[in-house]
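Undergrad: One structure follows; several queries about it will come next.
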Amino acid sequence: MNIPEELDVLLGEAAEKFRDMEKIRIVSHYDADGLSSAAIVLAASLREGKTVHLSIVKQLRPEVAERLKKENNENIVFTDLGSGHLSLVNEIGADNTLVLDHHHLSGKLNSGVHVNPHLVGMEEDTLSGAGVTYLFARKLDDKNKDLSALAVVGAIGDIQEENWRMNGLNKEIVKEAEDIGTLSRGEGLRLFGRLSRPIHKSLQYTTRPYIPDVSESESGAVQLISNLDIDLKNGDGSWKKLVDLDKEEKKELASAIIKKRVTNGIEDAGEIFGNTYTLSCFDGRLQDARELSTSLNACGRMSQADVGILSCLGDKDALGEMKSVVRGYKRTLGKLIRMVRNNDDMIEDMDGFNLLDGVGKIPENFIGTICSILQSDISKDKVLMGIAESVNGRVKISMRVPDDLDVNVGEIVGDIEETMDIEGGGHEKAGGAYVLSEEKDDFIGMVSDKIDDRT
Ligand code: C5P
Ligand code: ZN
């Protein structure tokens, strides 16, 4: 694997520090990348005989830092968070600190080891939090290579693919997982649940790529396939899944999807194809890495991160429970999406971006995902900013950037953080922040100016 030398040195330092730790406090982020990271560092720690105490948080906020400080931990490992809040990490002041993250940098770590692709000038979206954590685990011991597939799940969760293909070290991790046989990569139609759902359900559940009249509409999905020359049932009477279609049938389905998109003004045919990742270490629908990633995201957002992490590690009870967590999450998400679609006035066309005001209507755990789903649907050339109510007199803001727009919201949030009391961060295409409710309009104004400067 072509790990840049500087990164490799940092990984070596982190591994060395870790070897000396006995009791370890682990803190990770609550999204799919964070839960994959947590599963990797947990497995690696237990294999080394460490005692661990793991927490999953939405954000490294001052109250979280305060709690960690009071615990007087000797050793703390942060995964998929920390880089954007190094002053808080410094304040906690554990004897030994590791930050294994990929978020934009803010400040400098006073003591400990900080591993982040931005520190060594790597390109955006070539390594996720789970990827950094995996490279660390692999540095610790070669036997941890069997955790590589989880790093792929994390990268998918953080939407690190470009045109649905991995780049840089992410791509090399895919190769490593393929080589040891835990994952196989294919190329095909990017429909949700391709291994596990009846085709009309796959179509209905697919929102990226968006299929007008079909995404999130069972009747629309049934209508699309009823016009095709595809037998929807297998010989034994069971529903066919995407994986059961032969080459000709797949072609016909792809043409129908492209036609539907083109007639609704979405020209990019290539967007419906991409890499598929099949995980041999899971059964049923979770064999599809995209589906595992979505399920982890659901667990985090439903405050049941433990179910997601234990599922990653193959725990049978957790795997059973994850199904019902995901069902509950989908039900809530579906309701919220329908609410926004049916209420045009929730979206305001602003200078440089669209504003989705979900205060009092959309829970803060859902605003980011809703923005991800609706972004391309609402506008292909504007940033979508969503707002939801949070705690401690703050609102939660989420921003999503269309693929072709050259705006880096992670950077914008970082700039604003220098002059305003916000807690934020993110990446090029997805960023967010907690902002005092009374300063919400100032924040919006600043984002608008900064988008203006950049476009
Ligand atoms: O919460 P949301 O999904 O909108 O977050 C988008 C990105 O911004 C994530 O990578 C998240 O870690 C980051 N973020 C952050 N600080 C916040 C909110 C989001 O670093 N307060
Ligand atoms: Zn991440």
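Laboratory data are not the source of any read-out in this text; all were calculated from the coordinates shown. Please read these numbers as outputs of a predicted model, since none were measured by experiment. Cβ: placed from backbone, ideal geometry, glycine included. Neighbour counts: every protein chain shown.
Undergrad: On full extension of the chain, what length is gained from residue 246 through residue 335, given 0.36 nm per residue of separation minus the C-alpha to C-alpha distance? Write down the numbers at each step before the final one.
TA: Working: separation 89, 0.36 × 89 = 32.04 nm, distance 3.47 nm.
The residue 246-residue 335 span can extend by a further 28.6 nm.
Undergrad: Hey, another quick one. Quickly estimate the mean residue ellipticity at 222 nm for the chain, helices only: each DSSP H run with n ≥ 4 gives -39500 (n - 2.57), and the total goes over all residues, rounded to 500. Don't skip to the end; give the middle numbers.
TA: Working: 16 runs with 202 residues, N = 455.
Mean residue ellipticity, 222 nm, calculated: -14000 deg cm²/dmol.
Undergrad: Now a separate question. Apply the a/c threshold of 1.5 to the C-alpha gyration tensor of region 1-153 and tell me whether it is rounded, prolate or oblate. Don't skip to the end; give the middle numbers.
TA: Numbers: a/c = 1.42, a/b = 1.19, b/c = 1.19.
Rounded is the answer for region 1-153, as its axis ratio a/c remains below 1.5.
Undergrad: Tell me which GluC sites (Glu not before Pro) from region 209-296 have a DSSP coil assignment and no more than 11 other beta carbons within 10 Å of their own. List each step's numbers first, then the result.
TA: Numbers: sites: 216, 218, 248, 249, 252, 267, 271, 291; in loops: 216, 267.
Hits after loop and neighbour filter: 267.
Undergrad: For region 1-122, with only Lys/Arg (+1) and Asp/Glu (-1) charged at the beta-carbon, what is the dipole magnitude about the Cα centre, in debye rounded to 20?
TA: Numbers: 12 positive and 18 negative charges, 82 e Å.
It works out to roughly 400 debye.
Undergrad: Work through the residues other than residue 8 whose Cβ is under 14 Å from its Cβ and net out their charges, Lys, Arg +1 and Asp, Glu -1.
TA: Summing Lys and Arg as +1 and Asp and Glu as -1 gives -3.
Undergrad: Would you give the gap between the C-alpha center of region 62-133 and the C-alpha center of region 354-414, rounded to a whole Å?
TA: 24 Å
Undergrad: Given an 8 Å cut-off on Cα distances and at least 6 residues of separation, report the relative contact order of the chain as a percent.
TA: 12 percent
Undergrad: Separate question: In what sequence do 389, 364, 66 fall when counting other Cβ within 10 Å, fewest first? Numbers along the way, then the final one.
TA: Values: 389 17, 364 23, 66 12.
Least crowded to most crowded, the residues run 66, 389, 364.
Undergrad: Rounded, prolate or oblate: which one fits the chain, using the alpha carbon gyration tensor with axes a ≥ b ≥ c (rounded when a/c is under 1.5, else prolate when a/b beats b/c, else oblate)? Can you show the working numbers first?
TA: Numbers: a/c = 1.81, a/b = 1.24, b/c = 1.46.
Because a/c hits 1.5 or more and a/b fails to exceed b/c, the chain counts as oblate.
Undergrad: Let me ask something else. Count the DSSP beta bridges whose two residues both fall in the chain, then state the antiparallel fraction as a percent rounded to the nearest 5.
TA: Details: 32 of 56 bridges.
Of the beta bridges lying entirely in the chain, close to 55 percent run antiparallel.
Undergrad: Rounded, prolate or oblate for region 268-335? Axes are the square roots of the Cα gyration tensor eigenvalues, ordered a ≥ b ≥ c, and the cut-off for rounded is a/c under 1.5. Please report the intermediate quantities before stating the final value.
TA: Working: a/c = 2.55, a/b = 1.30, b/c = 1.96.
Here region 268-335 falls in the oblate category.
Undergrad: Going through the DSSP H helices of the chain, which span 27 Å or more along their own axis at the Cα atoms while scoring at least -1.0 as a mean Kyte-Doolittle hydropathy? Intermediate results must be reported in sequence, preceding the final value.
TA: Numbers: long enough: 316-342 (40 Å, -0.52).
Membrane-span-like by this rule: 316-342.
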